[in-house]
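Shown next, in structure tokens, is the structure this report addresses.
Coordinate-derived values only; no laboratory data. Note that the coordinates shown come from a computational prediction; the quantities given were computed from them, not determined experimentally. Here the Cβ positions follow ideal geometry from the backbone for every residue, glycine too, while neighbour counts run over all protein chains shown.
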Amino acid sequence: MIAIHWFRQDLRIADNPSLLSAIESGHLLPIFILDEVNNPENARGGASKLWLHHSLNALNKALDGNLRVYSGDAKAIIMQLCDEHNISKVCWNRCYEGWRRERDGIIKAQLKARSIEAESFNGSLLWEPWTIVKGDGTPYKVFTPFFKNGCLNAPEPSQPLSAPTNIQYASGDFGSLNSVNDLNLQPTIDWDKVMLEHWQIDEQGALDRLKRFAEEGVSNYKEGRNLPAHEWTSKLSPYMHWGLISPRTVWHSANMMGDDENVYTFKSELGWREFSYSLLYFNPDMQWANINKKFDAFPWEKDTTLIDAWQRGQTGYPIIDAGMRELWQTGYMHNRVRMIVGSFLVKNLLQHWHHGEKWFWDTLFDADFASNSASWQWVAGCGADAAPYFRIFNPVTQGEKFDPDGEYTRRWVPELAELPKKYLYQPWEAPPMMLQAAGVKLGENYPQPIVDLKASRERALAAFKSMRTD
């Protein structure tokens with residue numbers, strides 16, 4: 001008998017409950033399906049596809065070359081495999097986007113009609129979204145009680161499962177593509193080499209990141225996570241998104257790091273990921289619909305010139321430009337800087353948060369449907385437990401506070417590298433002779449600010465006030 005394990009966002013061997021169930025049920029047929037048919041408007045962005053390409057190649061190697069890859073409608077592909085081969089069981093780990101839940105329900109029903117066992121597992125979260133709810137059964141809308149009253153009072157996540165050994169694979173012609181390369185996930189132009197220098201994209205790379213964080217990052221995490229110049233964050237998010245490491249592995253590793261405020265803060269970040277998935281589960285349209293419906297009346301503007309300058313890191317505000325360039329060159333952006341650039345887009349530039357959500361979806365290695373949407377709604381003020389709209393980050397003071405020596409900013413905005421710290425975050429205030437000595441020509445090799453901070457802040461507050469009074 002043949003049992004299928006359908007890889008999705010669980011591209012690992014260790015702590016993979018669905019994979020283990022399939023192995024125990026018959027000869028294993030491990031498959032991956034690139035399904036851009038059932039939800040074409042949310043096709044993976046370029047950076048995400050690049051990460052997926054290398055993850056799948058690493059996974060195939062771990063499976064001794066037995067991974068079968070397909071492209072197309074997952075429903076049709078799975079049914080064809082079951083109709084043409086002696087398939088007794090199909091297993092997968094659950095995903096939580098609305099369209100996937102609907103599609104997976106159809107697949108389960110079709111398999112049941114064929115008398116084929118279908119079983120799904122939790123391989124992506126610490127707790128299922130429907131289990132962390134308030135006493136009256138309604139979902140939490142505020143993070144702190146969600147984490148403290150919900151997560152921390154829930155049963156402890158089970159210990160990670162060991163990686164399987166001596167896997168018996170199914171043999172035969174299963175009509176798959178010849179290789180991962182046939183999925184055409186790599187870019188057609190050569191922009192990826194610099195990005196890949198920053199990452200080891202495989203299961204071992206995830207474990208190495210976790211080990212390095214435990215040894216070098218967690219002891220400074222509570223305060224250090226706000227300082228982008230330092231390696232005091234885990235950078236596990238892309239690995240967790242694609243399932244190269246399980247959240248249970250990370251959680252229980254954190255338990256072994258101690259019980260001080262740094263570890264608690266790190267675990268609360270894992271809790272924010274859980275909260276994002278809870279929001280998605282109970283608000284399946286949150287990628288485009290405001291959770292706070294009052295913001296449906298917000299008077300967003302649309303200026304493609306401003307959006308383009310923000311995307312390219314050419315706003316004239318150094319901490320903003322540093323973050324956007326880090327994103328473009330590495331597929332990653334420090335979390336504190338994500339909040340600063342997000343606030344700047346939706347408040348100083350008054351552009352809809354959808355533009356930021358879509359740009360991050362295309363350029364982030366860790367582009368996650370739940371976390372990306374929840375975080376953009378948070379910074380825009382329209383989400384659950386959101387930052388108040390009138391809380392507008394000042395990019396000058398934020399740069400001075402969180403990159404006080406300018407190390408991060410100078411790294412990503414090298415044209416300002418010689419400018420004294422006093423003027424690094426407001427180069428337009430520097431005396432002309434100082435700009436000349438630093439090789440800075442505003443409007444030529446570094447842009448003038450694209451908006452005035454004071455005027456844009458006042459405009460944002462006026463827009464917020466008009467929404468409240470209409």
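About the Cα centre of the chain, what is the dipole size in debye to 20, counting +1 per Lys and Arg Cβ and -1 per Asp and Glu Cβ, all else neutral? It would help to have the intermediate numbers written out before the result.
Numbers: 49 positive and 58 negative charges, 201 e Å.
Value, rounded to 20: 960 debye.
Within 10 Å, at most 15 other Cβ atoms, and a DSSP state outside H, G, I, E, B define an exposed site. Report the longest part of the chain free of exposed trypsin sites (Lys or Arg not before Pro). Don't jump to the answer; show the numbers that get you there.
Details: sites that count: Arg114, Lys134, Lys302, Arg391, Lys441.
Looking at the chain, 135-301 is the longest stretch - no exposed trypsin sites (Lys or Arg not before Pro) with at most 15 other Cβ atoms within 10 Å.
Could you tally the net charge around Thr304, taking each other residue with its Cβ under 15 Å from the Cβ of Thr304, Lys/Arg +1 and Asp/Glu -1? Each step should come with its number before you reach the end.
On the way: positive: Lys302, Arg312, Lys358; negative: Glu301, Asp303, Asp308.
Residues close to Thr304 contribute a combined charge of 0.
Multiply the residue gap between Asp136 and Glu231 by 0.36 nm, knock off their C-alpha separation, and tell me the result in nm, one decimal place. Intermediate values should be presented prior to the final figure.
Values: separation 95, 0.36 × 95 = 34.20 nm, distance 4.20 nm.
That pair, Asp136 and Glu231, stretches by 30.0 nm at full extension.
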Going by amide H atoms built from the backbone, whose H comes under 5 Å of the H on Gly123, apart from near neighbours? Arg94
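With a cut-off of 8 Å between alpha carbons and a minimum separation of six or more residues, what is the relative contact order of the chain in percent? All intermediate terms of the calculation are to be shown ahead of the outcome.
Details: 728 pairs, mean separation 79.5, N = 470.
Computed over the chain, the figure is 17 percent.
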Using θ = phi - 60° and the Karplus form 6.51 cos²θ - 1.76 cosθ + 1.60, what ³J(HN,Hα) does each residue of region 310-327 get, whole Hz, x for Gly and Pro? 5, 4, 8, x, 10, 8, x, 10, x, 5, 5, 5, 4, x, 5, 6, 4, 4
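Given the rule -39500 (n - 2.57) for each run of at least 4 DSSP H residues, summed and divided by the residues of the chain, what is its mean residue ellipticity at 222 nm, to the nearest 500 deg cm²/dmol?
On the way: 20 runs with 203 residues, N = 470.
Result for the chain, helices only: -12500 deg cm²/dmol.
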The long-range amide H neighbours of Val90, using H built 1.01 Å from N in the peptide plane and a cut-off of under 5 Å, are Ile4, Glu117, Ala118, Glu119
Full-extension gain in nm, Ala43 to His85, via 0.36 nm per residue minus C-alpha separation: 12.1 nm
For region 15-27, in residue order, the Karplus 3J(HN,Hα) values (coefficients 6.51, -1.76, 1.60; θ = phi - 60°; whole Hz; Gly and Pro = x) are 6, 10, x, 5, 4, 5, 4, 5, 4, 6, 9, x, 5
Cα-based Debye curve of region 253-305 sampled at q = 0.16, 0.22 Å⁻¹ gives log₁₀ I(q)/I(0) of -0.69, -0.85
The answer for Val69, listing residues at least 5 apart or on another chain whose modeled amide H is closer than 5 Å to its amide H, is Phe32, Leu177
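Can you bin region 1-137 into rounded, prolate or oblate? Criterion: square roots of the alpha carbon gyration tensor eigenvalues sorted a ≥ b ≥ c, rounded for a/c under 1.5, prolate for a/b above b/c, oblate for the rest.
Working: a/c = 1.30, a/b = 1.11, b/c = 1.18.
Since a/c stays below 1.5, the shape of region 1-137 is classed as rounded.
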Using only Cα atoms, tell me the angle between helix 353-363 and the longest principal axis of the chain; keep it within 0 to 90° and round to the nearest 10. 60
Would you list which lysines come within 25 Å of Lys141, measuring only between C-alpha atoms, while excluding same-chain residues fewer than 8 positions from it? Lys222, Lys267, Lys293, Lys294, Lys347, Lys358, Lys465
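With all pairs of different alpha carbon atoms counted, what Kirkwood hydrodynamic radius in Å does the chain show?
On the way: mean 1/r = 0.0420 Å⁻¹.
Across the chain, the inverse of the average 1/r is 23.8 Å.
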Below 13 Å, Cα to Cα, which aspartates and glutamates can Lys75 reach? Residues fewer than 8 away in the same chain don't count. Asp35, Glu36, Asp83, Glu102, Asp104
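What stretch of the chain, leaving out the sites themselves, is the longest with no chymotrypsin sites (Phe, Trp or Tyr not before Pro) in a DSSP loop having at most 12 other Cβ atoms within 10 Å? Working shown, then result.
Values: sites that count: Trp288, Phe390.
The answer is 1-287.
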